[in-house]
1. In this model, which of Lys127/Lys164; Lys37/Lys164; Lys37/Lys60; Lys127/Lys160 are farther than 23 Å apart at the alpha-carbon?
2. Helix 85-98 versus the longest principal axis of the chain: what is the Cα-based angle in degrees, 0 to 90, to the nearest 10?
3. Based on Cα coordinates alone, diagonalise the gyration tensor for region 36-187, multiply each eigenvalue by 5, take square roots, and list the semi-axes in whole Å, largest first.
4. Taking the number of other C-beta atoms within 10 Å as the exposure measure, put Thr68, Thr101 in order starting with the fewest.
5. Lys/Arg Cβ at +1, Asp/Glu Cβ at -1, dipole of the chain taken about the Cα centre: which of Ala46, Ser122, Pro30 is farthest positive-ward?
6. Mind listing which trypsin sites (Lys or Arg not before Pro) in region 127-187 are in a DSSP loop and have 12 or fewer other Cβ atoms within 10 Å?
7. Name the most mobile residue of His41, His72, His51, meaning the one with the largest mean-square fluctuation, in a Gaussian network model of the chain with Cα contacts below 10 Å.
8. Which ³J(HN,Hα) values, rounded to whole Hz and listed in residue order, are derived for region 154-168 from phi using the Karplus coefficients 6.51, -1.76 and 1.60 in 6.51 cos²θ - 1.76 cosθ + 1.60 with θ = phi - 60°, glycine and proline given as x?
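Please treat every number below as a calculation from the coordinates, not as lab data. The model shown is predicted, which means the values in this text are computed figures rather than measured ones. For neighbour counting, all protein chains shown are included, and Cβ atoms are generated from backbone atoms with ideal geometry for every residue, glycine included.
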Amino acid sequence: MTWIMAAASNCRTPNLWNMSDNPYEDDASPAAKYQAKQLFHEAYQAQMAEHYEEAIELYKRSIETYPTAEAHTFLGWVYSFQDRYDEAIEECLEAIRVDETLGNPYNDIGSYLLAKGDTYSSVRWFKRALYAPRYESYAFPHFNLARVYETRRKYIEAAKHYGKALEQQPGFTEAATGLHRMQALLN
């Protein structure tokens with residue numbers, strides 16, 4: 001797992017799932033939604049236990065029962081643990097098709113592109129995550145942007161985004177360390 005993946009994964013909890021926030025009308029029964037949610041939680045537990053193949057199957061079953069942006073995003077996250085970044089990106093793109101308001105898949109696509117060595121394409125995805133209306137922690141795309149700018153030696157931009165990550169999440173140790181590193185370079 002790269003530093004980008006570690007930063008992205010810190011904000012994950014099964015509480016992310018909130019079907020009442022789904023802005024799209026559908027004909028799915030409450031029973032199907034409930035079953036999909038149960039499968040999602042089972043998949044998450046398997047994932048946390050590092051039973052990735054089981055998690056993949058459970059996320060897929062959840063998606064077949066009732067597709068959500070969260071299930072697609074988390075399935076992509078599991079693929080990333082197996083270095084299956086292209087499949088992870090595809091799941092995130094599908095998540096965006098299901099619900100473009102969720103911020104996680106945008107940040108995750110950027111993270112997977114970085115893991116593949118693409119520091120330029122990742123920037124637009126991190127920026128899109130910052131504009132997503134439904135996102136638990138904007139600190140992560142700011143942190144990821146800061147790391148990209150730091151590797152590109154754009155230290156002022158890096159410091160700005162480390163600072164914004166800290167504004168969003170004051171206890172974010174890695175962001176504080178990065179900001180101090182930028183301050184030392186700029187002085």
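1. Distance filter (> 23 Å) returns Lys37/Lys164.
2. 70 degrees
3. The equivalent ellipsoid of region 36-187 has semi-axes of 31, 14, 14 Å.
4. Thr101, Thr68
5. My answer, from the dipole projection, is Ser122.
6. Arg153
7. Ranking His41, His72, His51 by mean-square fluctuation puts His51 first.
8. Per residue, the Karplus-derived 3J(HN,Hα) values read 9, 5, 5, 4, 4, 4, 4, 6, 4, x, 5, 4, 5, 4, 6 Hz.
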